[in-house]
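These notes concern the structure reproduced below.
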Amino acid sequence: MARMPGATWHAVGNFTKDGQDSVRGVVVHIMAGTLEGSQAWFDNPTAQASSHFGTGKGGALRQWVDTDDRAWAQSAGNRTWLSVENEGVGGDVLSDAQLDRNAQVLAWAHQEYDVPLRLAAGPDDEGLGYHAMGGSAWGGHTSCPGPRIVAQLPEIVARAKQLVAEPQQEEDPMAGYSTAEIGDAVLYRDHIEAPADDPNVKKNPFWTLASYIRSIYNAVNTVRQEQRETRAKVDALTKAVADLAKSIKES
């Protein structure tokens, strides 16, 4: 199962289960309608049409068909290409938000399926394509998505490259630790030293405390457990002495 993070899942009924043979790239379409209307149409068995993804002019991004399954968007290209339907009509341009959403789909396809971030030269190439480039084999839709949107495809590729190049936000190293654990770490931090050869120490100067809080907390618990065991031994010894003293006194 392959569903894109960030896309809202709205399953439709028109698709071929496990029918996606491979993913050469992403094909841009124009709906000639609205997002809601297209979704209803793709859920109608008589339509014999669907798409993996759809965008709204306001920036909505929906996934209608799992990318392991074959959507019915570009005839002979269905088995090897993912599809994105965009809200609008012939002659429109994609809104700025739609450009972003198409770029996100392309960037995800690059990360998920190794789709190259470039314009596809034709149905046998790889990258970002458009419906009309498939000619009659792809249904002969020569006006989809239209020349104005085709002219925007390089911008989609550029934005996808930027998305892929952006560094991922690092996980908060302090996440998941309670106030008590952090407090214990501060109290007992002098008892723990990071290994000198640990590569993470060189990688991030703040790593030591963050990564060793759990070790510190475990060390504190170990000390406390030893204290409890020592106290139990002392209590047992004290009781034994008391019992011995009582026995001597009674005798």
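Key figures for this structure:
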{"item": "Selection from the stretch 44-63 of residues that are closer than 17 Å to G19 by Cβ, out of contact with any Phe, Trp or Tyr (no Cβ under 6 Å at 6 or more places or on another chain) and hydrophobic (A, V, I, L, M, F, W, C)", "result": "F53"}
{"item": "Selection from the stretch 52-65 of residues that are closer than 15 Å to N14 by Cβ and open to solvent by 10 Å² or more (accessible area, probe 1.4 Å)", "result": "R62"}
{"item": "Criterion violated by E126 - all others in (1) modelled with pLDDT under 95; (2) within 24 Å of the chain's Cα centre (by Cα) satisfied", "result": "(1)"}
{"item": "Residue list for the stretch 77-102, restricted to those being under 17 Å from T67 (Cβ atoms), buried (at least 21 other Cβ atoms within 10 Å of the Cβ) and of a type outside the set (V, I, T)", "result": "G77, N78, W81, L82, S83, E85, R101, N102"}
{"item": "Residue under evaluation G90, criteria (1) touching a helix residue (DSSP H, G or I) at 6+ places or on another chain (Cβ under 8 Å); (2) of a type in the set (G, A, S); (3) touching a residue at least 60 places away in the same chain (Cβ under 8 Å), criterion not met", "result": "(1)"}
{"item": "Selected residue (criterion: modelled with the highest pLDDT) from residues of the stretch 73-97 that are farther than 18 Å from V115 by Cβ and of a type in the set (V, I, T)", "result": "V93"}
{"item": "Of all residues in the stretch 12-37 being small (G, A, S) and more than 26 Å from the chain's Cα centre (by Cα), the one that is nearest to V89 (Cα to Cα)", "result": "A32"}
{"item": "Qualifying residue in the stretch 33-49 (condition: out of contact with any helix residue (DSSP H, G or I) (no Cβ under 9 Å at 6 or more places or on another chain) and among the aliphatic types (A, V, I, L, M))", "result": "yes"}
{"item": "Top-ranked residue of the stretch 118-138 - restricted to ones that are assigned to a strand (DSSP E or B) and touching a Pro at 6+ places or on another chain (Cβ under 7 Å), ranked as surrounded by the fewest Cβ atoms within 10 Å (Cβ to Cβ)", "result": "L119"}
{"item": "Matching residues in the stretch 160-178 - criterion: being farther than 23 Å from G77 by Cβ, at pLDDT 90 or above and in contact with a helix residue (DSSP H, G or I) (Cβ under 7 Å, 6 or more places away or on another chain)", "result": "L163, V164"}
{"item": "Only one of V115, V28 that is assigned to a strand (DSSP E or B) and open to solvent by less than 10 Å² (accessible area, probe 1.4 Å)", "result": "V28"}
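The values are calculated or read from the model by the stated rules, or taken from the named source; none is laboratory data. Just so we're clear, the structure is a prediction, and the values are computed from it rather than from any experiment. Quick reminder, even Gly has a Cβ in these numbers, built from the backbone with ideal geometry, and neighbours come from all protein chains shown. In case anyone asks, the SASA skips ligands and DNA or RNA and just uses the protein heavy atoms, side chains included. Shrake-Rupley method; radii C 1.70, N 1.55, O 1.52, S 1.80 Å.
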